[in-house]
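Reading through the structure tokens given below for one structure.
The values are calculated or read from the model by the stated rules, or taken from the named source; none is laboratory data. As the structure is a prediction and not an experimental result, all values here were calculated from the model. Every residue, glycine among them, receives a Cβ derived from its backbone with ideal geometry; neighbour counts consider all protein chains shown. These accessible areas exclude ligands, DNA and RNA; they are computed on the full protein's heavy atoms, side chains included. Shrake-Rupley method; radii C 1.70, N 1.55, O 1.52, S 1.80 Å.
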Amino acid sequence: MTARPLTITLDGEPFAGAEGQTIAGMLLAARRRSWRTTSAGAAPRGVFCGIGVCFDCLVTVNGARDVRACLRRAADGDVVETQHDPLPEVTS
Amino acid sequence: MTRRTVVVVGAGPAGLSAARAAARAGAEVTLLDASDQVGGQFWRHASRPAHDEHRYHHGWSTFTALRDVVASHPRVTLLTSAQVWALERLDDGVRLRVLVGPADASGREHLTLTPDALVLATGAHDRTLPFPGWQLPGVTTAGAAQALAKAERVAVGDRVVVAGAGPFLLPVATSLLRTGARVLSVHEAATPASLARGWGSRPAGLLGAAHKTGELGGYVGTLARHRVAYRLGEAVVAARGDGRVEEVTVARVDARWAPVPGTERTVAADAVCVSHGFTPRLELAVAAACAISPDRFVVVDDGQGTSAPGVWAAGELTGIGGAEAALAEGWVAGHHAASGAVDDPAVARAARRRDRSADFARRLEAAHGIRGGWTAWLRDDTLVCRCEEVDAGTLRAAACATGSADLRSVRLTSRAGLGPCQARVCGRTVAELVGADAASSPGDATEAPPAVPDRRPLVVPVRLGDLAALPDDPT
Ligand SMILES: Cc1cc2nc3c(=O)[nH]c(=O)nc-3n(C[C@H](O)[C@H](O)[C@H](O)COP(=O)(O)OP(=O)(O)OC[C@H]3O[C@@H](n4cnc5c(N)ncnc54)[C@H](O)[C@@H]3O)c2cc1C
Ligand code: FES
């Protein structure tokens, strides 16, 4: 299709995709299945709900933590990092 | 003359239809959706719709017509990437807090709205019952598979098992096939007998309500052509793998969904997509103090009005009836929110379409509704709360220790439901497991149950920086 190609990195590793894809969609298309490690069990997680409900897919994007990879459209050059460590910041 | 202002939250079938009806009835409409596109779950589509986009959707031309109206109508303001994150009740209405910008970005624009009338059309999300190993990467909801296939043509795996309950499993399997995945099998927990109860004994009965016949029949045909087995009375009862799904165990279940010992078999798969139905996104309705029924839907009157003055609701929020019902409900809700004429013939027709589809919701529940026997596939170490990684054993112990079915103390003791998803995924399951679910006790449909899991003052987590940047309210 005509969508413009773009590249992002996950922990430095490049991933190719096209404009309009979400970060999760790009990673899954490359057969990457997980990119977060849970706090309590240090277990791997990736996409579960796919629509922004479960918060399993959180990544850091260009320095901002706790971005839902299934909702955020990738922008060319996005620097994405996997998250583990304390529970994500929640203010409620 | 100042026109009546109507805000519609959610631009799925229900919200799009409500926005159009409200504008036609003369109101000044603002239509908001958190997504950067309109269409909701049903018409989730590629960012640049492909020339064959209609092949991935039903009613694509209905969608494009609605989309064009809301995009061009002089009295409709369409705001996408607009997340409503809080709703406050005022003496004479409601105040909505909105952040506009890319998902979860910092520094998004703040917007505060105080409309004359509000239409909630926030839809639903999958309800997936826990099973051992469901936290492994590669296990997703059926909706996730559908969303990724429709919007990005991405398959969640190469060898996929689809399981759960409800007719939704069929379009999901079809979409997976279209994106190039191999669908190994589809497992529907409902037994042939309960399917017959819901849909009638002929296979065509499953395909139920008139407009659904063609749609579901098409899916069944596609599965048959790809030799995908559609098996009734079966469930995925475990997934295993090292850091990701490698195999799943399927078992026969009885009429109560309890696995039948000795029927387990194991299948190699790298993805399993599981959904046992849908549960509405209630937080804004709860914040608006709308009455919620014991089975957790927003209670509405004939005009789609809720118990909260100035608040209407439509779509999956008021019952799981599918996109056709959502369109009809949205029409009625938008028209009444805009104080449209009481005798409008088109609205009367929409109301009749809505009433007919109530039957679909009833059949759906009779055939595919969750049965209590499923808990027999839980083990003590099966995670129930995915966020806080609380397992079934811990939860039961907490329920015993607190000596009650008091949901709040069980949650505080075990931490189940206190993670970032705010119990969206596990809330109803936790309530059922500790015996505190309002839905399990028959009650007065107009009384709001405590709805504890759905009370979320912040609809989504908000960055502290964004809270600090909140503009002062005019007093
Ligand atoms: C992932 C998924 C995929 C589905 N796919 C299909 C399918 O292929 N076929 C089918 O028949 N049914 C499907 N369904 C069932 C679907 O719910 C209905 O068919 C139909 O989309 C319901 O329409 P609706 O207008 O009530 O809600 P939805 O279409 O869900 O629309 C609700 C909208 O509200 C928005 N929203 C919610 N909360 C907020 C907020 N706080 N602020 C701003 N916006 C908000 C959402 O972004 C969403 O766009 C799917 C459901 C899910 C969860
Ligand atoms: S996968 Fe659930 S929030 Fe992204």
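At-a-glance table
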{"item": "Cross-chain or 6+ apart pairs with Cβ under 7 Å, the range B:343-361 first and closer than 25 Å to B:T279 by Cα and open to solvent by 90 Å² or more (accessible area, probe 1.4 Å), then modelled with pLDDT under 90 and part of a helix (DSSP H, G or I)", "result": "none"}
{"item": "Residue match in the range A:73-89 (condition: in a loop (DSSP other than H, G, I, E, B), at pLDDT 95 or above and facing chain B (nearest Cβ under 10 Å))", "result": "yes"}
{"item": "Where B:A193 falls short, out of the listed (1) out of contact with any helix residue (DSSP H, G or I) (no Cβ under 7 Å at 6 or more places or on another chain); (2) on the phi > 0 side of the Ramachandran plot", "result": "(2)"}
{"item": "Selection from the range A:33-51 of residues that are of a type outside the set (S, T, Y) and more than 7 Å from every other protein chain (Cβ to nearest Cβ)", "result": "A:W35, A:R36, A:A42"}
{"item": "Qualifying residue in the range A:27-49 (condition: at pLDDT 95 or above and farther than 19 Å from B:V245 by Cα)", "result": "no"}
{"item": "Count of the range B:102-116 residues which are away from chain A (no Cβ under 14 Å) and in a loop (DSSP other than H, G, I, E, B)", "result": "3"}
{"item": "Enumeration of residues in the range B:110-137 that are more than 26 Å from B:A18 (Cα to Cα) and more than 16 Å from ligand 2 (Cβ to nearest atom)", "result": "B:L129, B:F131, B:P132, B:G133"}
{"item": "Residue match in the range B:15-35 (condition: over 14 Å from B:A65 (Cβ atoms), in the same structural domain as B:D116 (by TED's automatic domain parsing) and within 16 Å of ligand 2 (Cβ to nearest atom))", "result": "yes"}
{"item": "Test: residue in the range B:382-401 that is within 14 Å of chain A (Cβ to nearest Cβ), within 23 Å of B:A238 (Cβ to Cβ) and surrounded by fewer than 20 Cβ atoms within 10 Å (Cβ to Cβ)", "result": "yes"}
{"item": "Wholly within the range B:223-291, strands (runs of 3 or more DSSP E) carrying at least 3 residues that are open to solvent by less than 40 Å² (accessible area, probe 1.4 Å)", "result": "B:234-240, B:247-252, B:271-275"}
{"item": "Boolean, A:G25 is under 18 Å from B:V154 (Cα atoms) and part of a loop (DSSP other than H, G, I, E, B)", "result": "no"}
{"item": "Subset of the range A:44-64 (residues that are more than 15 Å from ligand 2 (Cβ to nearest atom), assigned to a loop (DSSP other than H, G, I, E, B) and either hydrophobic (A, V, I, L, M, F, W, C) or surrounded by 24 or more Cβ atoms within 10 Å (Cβ to Cβ) (or both))", "result": "none"}
{"item": "Some residue of the range B:154-169 being within 16 Å of ligand 2 (Cβ to nearest atom), at the interface with chain A (Cβ under 8 Å from one of its Cβ atoms) and within 15 Å of the chain's Cα centre (by Cα)", "result": "no"}
{"item": "Candidate set: the range A:12-43, residues that are closer than 25 Å to B:G133 by Cα and surrounded by fewer than 18 Cβ atoms within 10 Å (Cβ to Cβ); chosen: the one nearest to ligand 2 (Cβ to nearest atom)", "result": "A:R32"}
{"item": "Odd one out for B:G443 among (1) assigned to a loop (DSSP other than H, G, I, E, B); (2) modelled with pLDDT of 80 or more; (3) not polar (S, T, N, Q)", "result": "(2)"}
